[in-house]
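Scroll down for the structure; my scribbles are underneath it.
The values are calculated or read from the model by the stated rules, or taken from the named source; none is laboratory data. From a predicted model like this one, the values you see are computed outputs, not experimental measurements. Positions of Cβ are backbone-derived with ideal geometry, glycine not excepted, and every protein chain shown enters the neighbour counts. Accessible surface is based on the protein model in full, side chains and every heavy atom, while ligands, DNA and RNA are left aside. Shrake-Rupley method; radii C 1.70, N 1.55, O 1.52, S 1.80 Å.
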Amino acid sequence: MRLTEDPHRRLNALSNQWILVSPHRTSRPWQGEVATLQTAPEPAYDPGCYLCPGNARVGGVRNPAYETTFVFENDFAALKPDTQPDHIDIDGMGLLVAEAEPGICRVICFSPRHDLTLATMDPAAIAVVVHTWMGQFRELSGLDGIHHVQIFENRGAMMGASNPHPHCQSWATSSLPDEPAKELAAQSAYLHQHNRCLLCDYVALEQRQKERVVCENEGFIALVPFWAVWPFEILVCSRRHLGSMLEFTADDARLLSLILHRVTSTYDKVFGVPFPYSMGFHQSPRDGRDHPEWHFHAHFYPPLLRSATIRKFMVGFEMLGRPQRDITAESVAGRLRELAGA
């Protein structure tokens, strides 16, 4: 089997799910949707932006004149902290089941500057953001009833970001969401079977092969995972076995800021435009138990496919069967690696 030519499926070791790879389809013609490219630069301050310093948000609350990161409770939160625990199973058949989900949703502004992104911020400024994430994770994960803290960023209108001001969100939930739950099961099974960490072994294997590594430093490595679904997907892993940001040192924060800047600035070079993506950190569950199996990592899921205006959609077989991609992880990694070194 030729991984660069023959159709095949690859196993996602983190979720135990498969992806179909069809490298022979990269030359197929495109007559699908072509998005409109937004090229107008953003101003340093936008009087109409509800995240800029001093401006009023939609709910009427006015932002302080903040000069660094700024955190506030989401005015339109998907979760409410005062939701009372409850469970419903209509007729006791296990078919119409619902459970109450208390939680907390916050917005984290990276900078008072409206026109910056992680790709254009100075790494020292990104380190301030990382320290804010560390503090938020520590605070939220220490609250009663919180078992998972998801920090994530949606960059770009294509990813549904409602505001271009540089920001992310943190959702703290009482239950463990589906994606980290799959990863917990896979990492636990691997530790039980091999008495070693799944991602420690995977990172070591990728470093030996080198063909999917994009960039790395002393603390973190960025690579296109063997099982990548999205065309330019990247997985960032800590080099040391860390479970969460609770274990970070100041040097870890600095090194993560450097790798995030390098990944996002490399993305912007792919098509010469600000690259949209959804990014999030997967950290150990906060359920009061030890999780030696868990390894700190982040996922970058960018939708662009062939150009700045052609995106990847999950449709048809991918929704009804399993995800599929044409461009191999190896070819994408080579392209990103070259741009990262430019």
Farthest positive-ward along region 193-246 dipole, Cα basis, beta-carbon charges - from Cys237, Leu205, Cys215: Leu205
Considering only protein heavy atoms, what is the solvent-accessible area of Ile327 at a probe of 1.4 Å, reported in Å² to the nearest 10? 50 Å²
Using protein chains only and a probe of 1.4 angstrom, how many square angstrom of Arg286 are accessible, to the nearest 10? 70 Å²
Using only the heavy atoms of the protein chains and a 1.4 Å probe, how would Glu211, Glu99 rank by accessible area, largest first? Glu99, Glu211
Spin-label pair Ala78/Glu5, simplified geometry with 7 Å Cα→Cβ offset, distance in nm: 4.4 nm
For region 103-231, which whole percent of the accessible surface, found with a 1.4 angstrom probe, sits on carbon and sulfur atoms? 55 percent
Among (i) 21.5; (ii) 20.9; (iii) 20.0, which is the computed Kirkwood radius over Cα pairs in Å? (i)
Might you work out the accessible area of Thr83 for me, using a 1.4 Å probe with all protein chains in place, and round it to the nearest 10 Å²? 50 Å²
Highest-MSF residue in the chain out of Arg325, Arg57, Arg262 [GNM, Cα springs under 10 Å]: Arg57
Rounded, prolate or oblate: which fits region 126-285, taking a ≥ b ≥ c as square roots of the Cα gyration tensor eigenvalues, rounded meaning a/c under 1.5, else prolate when a/b beats b/c? rounded
Per residue solvent-accessible surface (Å²) - the chain, probe of 1.4 Å: 48 Å²
Under a Gaussian network model of the chain whose springs join Cα atoms within less than 10 Å, the largest fluctuation of Gln324, Gln207, Gln84 belongs to Gln84
Order Glu216, Glu183, Glu67, most accessible first, counting only protein heavy atoms with a 1.4 angstrom probe. Glu67, Glu216, Glu183
With +1 on each Lys and Arg Cβ and -1 on each Asp and Glu Cβ, how big is the dipole of the chain about its Cα centre, in debye rounded to the nearest 20? 1160 debye
Going 7 Å from the Cα of Glu139 in the Cα-to-Cβ direction, what parts of region 156-180 have a backbone nitrogen less than 16 Å from that spot? 168-173
Could you work out the helix-only [θ] at 222 nm for the chain, with each DSSP H run of four or more residues adding -39,500 (n - 2.57) and the total divided by the number of residues, to the nearest 500 deg cm²/dmol? -8000 deg cm²/dmol
Could you sort Lys182, Lys80 by accessible area so the largest value comes first, with the probe set to 1.4 Å? Lys80, Lys182
